[in-house]
Structures are given as C-alpha cells and as structure tokens.
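A.B. asks: Here it is, the structure in full.
Any read-out appearing in this document is the output of simple, stated calculations on the displayed coordinates, not a laboratory observation. Because the structure is predicted, anything quoted here is derived from the model rather than measured. A quick note on method: Cβ atoms are made from the backbone with ideal geometry, for glycine too, and the neighbour counts reach across all protein chains shown.
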Amino acid sequence: MLSQKMQDALNAQIQAEAYSAWLYLGMAAHAEQLNLRGMAHWLRVQHQEELGHAYKLFDFVHERGGKVALRTLEAPPAEYGTPLQLFEQVYKHEQHVTSLIHKLYETAAAEKDLATQVFLNWFVTEQVEEEASALEIVEKLKMIPEKSGAMFQLDKELGKRGQD
Ligand code: FEO
C-alpha cells in the first residue's frame, strides 16, 4: 500500500509527465510553423513518450492499491524561438524533469517504500537518455546556421526518429 505522501507525490509526477507531453506537442506545432517537419516529428514522438511515462505512473499507482487523482495542466508557451532556442528549452525541461524524478526517489526512500524506489529506477535511467539526446541535438544546432543545407539535413535526420 502506498503512503498518502507517496501517492500524492506520484500523482504530482503524473501531472508533470502529462504537462511534458503537452509541452512537446506545443513545440511540435512551433516546428511545423517553421516548416521543420523532421523536428516536428521528433517532438511528436517525444510527446508520445511522455504520455507513456504518465501511463506507467498511472498503472503503478493502481497496482499498489492507490488512487490516481488527475490535476489541471497549464497551457504551454506559444512561442519557442529559433530551432536552437527550441531544443535548448527541451534540454532545460528534461533537466527539470530529472530533478523531479530525483526528488520523487528521495520521497520513496524517506517513506521506506522499496517497491517505489525499484519502480523509479527505470525513470532515473530514462532521464539520463532523455537529457543526452536533447543535448546532442543542441550541440549539433550550435554548429549550423539557421537557414542552411546542414539544417535541412539535421531536420531530415530527426524526422527518422522511431524508424530505426
Ligand atoms: Fe518523462 Fe522527458 O521525461
């Protein structure tokens, strides 16, 4: 059985993951407006991954006999700037989510909830990958001019996400 504190913290993380999904869909819309269809695709895949994270938490709360309580989602920003600024925001957001996961893990440890700690291991590892893939794109974008063949190539490459 989950403690009330643990349940509240897991419900807050469901909200954070659902907001991440919403944010990445907003970013995908921005990339579409910039005619960067590959980036838009990458961000839509990210949107779906975030929904997957929310579902994982949702299922876990139920498995533990807890109660899911969905919360209001804020609207994401409408503008994200250049492709580099956009992916810098992706990276920053993932760093923020990493800190939330770490705090959740600390709560599980303080509550002596071993099952939740084991469950959260997957998220800890996932965040390492999420940050690394966002940072890799940021670093590539720093090296290329905004309206260039290299940008077109990178966009094409990002459009292949999920196909390998
Ligand atoms: Fe669910 Fe990108 O963190």
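A.B. asks: Has the stretch 132-142 got any residue that is assigned to a loop (DSSP other than H, G, I, E, B), over 20 Å from Tyr55 (Cα atoms) and in contact with a Leu (Cβ under 9 Å, 6 or more places away or on another chain)?
C.D. replies: The answer is no; no qualifying residue exists.
A.B. asks: Let me ask you something else. Being away from the ligand (no atom under 12 Å from the Cβ), of a type in the set (S, T, N, Q) and within 20 Å of Gln15 (Cα to Cα) is the requirement here; does Gln163 meet it?
C.D. replies: no
A.B. asks: Still on this structure: I'd like to check something: does the stretch 122-135 contain any residue that is surrounded by 13 or more Cβ atoms within 10 Å (Cβ to Cβ) and more than 19 Å from the chain's Cα centre (by Cα)?
C.D. replies: Checked the stretch 122-135: no residue is surrounded by 13 or more Cβ atoms within 10 Å (Cβ to Cβ) and more than 19 Å from the chain's Cα centre (by Cα).
A.B. asks: For the stretch 100-122, state whether one or more residues are touching a residue at least 60 places away in the same chain (Cβ under 8 Å), at negative phi and part of a loop (DSSP other than H, G, I, E, B).
C.D. replies: Yes: the stretch 100-122 contains one or more residues that are touching a residue at least 60 places away in the same chain (Cβ under 8 Å), at negative phi and part of a loop (DSSP other than H, G, I, E, B).
A.B. asks: For Leu114, work out the one condition from (1) in contact with a helix residue (DSSP H, G or I) (Cβ under 7 Å, 6 or more places away or on another chain); (2) more than 16 Å from the ligand (Cβ to nearest atom) it doesn't fulfil.
C.D. replies: Condition not satisfied by Leu114: (1).
A.B. asks: Closer than 28 Å to Gly159 by Cβ and in contact (Cβ under 8 Å) with a residue 40 or more places away in the chain: which single residue out of Gly52, Gly65, Gly26, Gly81 fits that description? It would help to see each step written out before you state the result.
C.D. replies: Details: Gly52 fails: in contact (Cβ under 8 Å) with a residue 40 or more places away in the chain; Gly65 fails: closer than 28 Å to Gly159 by Cβ; Gly81 fails: in contact (Cβ under 8 Å) with a residue 40 or more places away in the chain.
Result of the check over Gly52, Gly65, Gly26, Gly81: Gly26.
A.B. asks: Taking into account only those residues within the stretch 30-84 that are of a type in the set (Asp, Glu) and surrounded by 13 or more Cβ atoms within 10 Å (Cβ to Cβ), which is farthest from Glu126 (Cα to Cα)?
C.D. replies: Narrowing the stretch 30-84 to residues of a type in the set (Asp, Glu): 32, 49-50, 59, 63, 74, 79.
With surrounded by 13 or more Cβ atoms within 10 Å (Cβ to Cβ) added as a condition, the list becomes 32, 49-50.
Values: Glu32: 27, Glu49: 11, Glu50: 11 Å.
Only one residue tops the list, namely Glu32.
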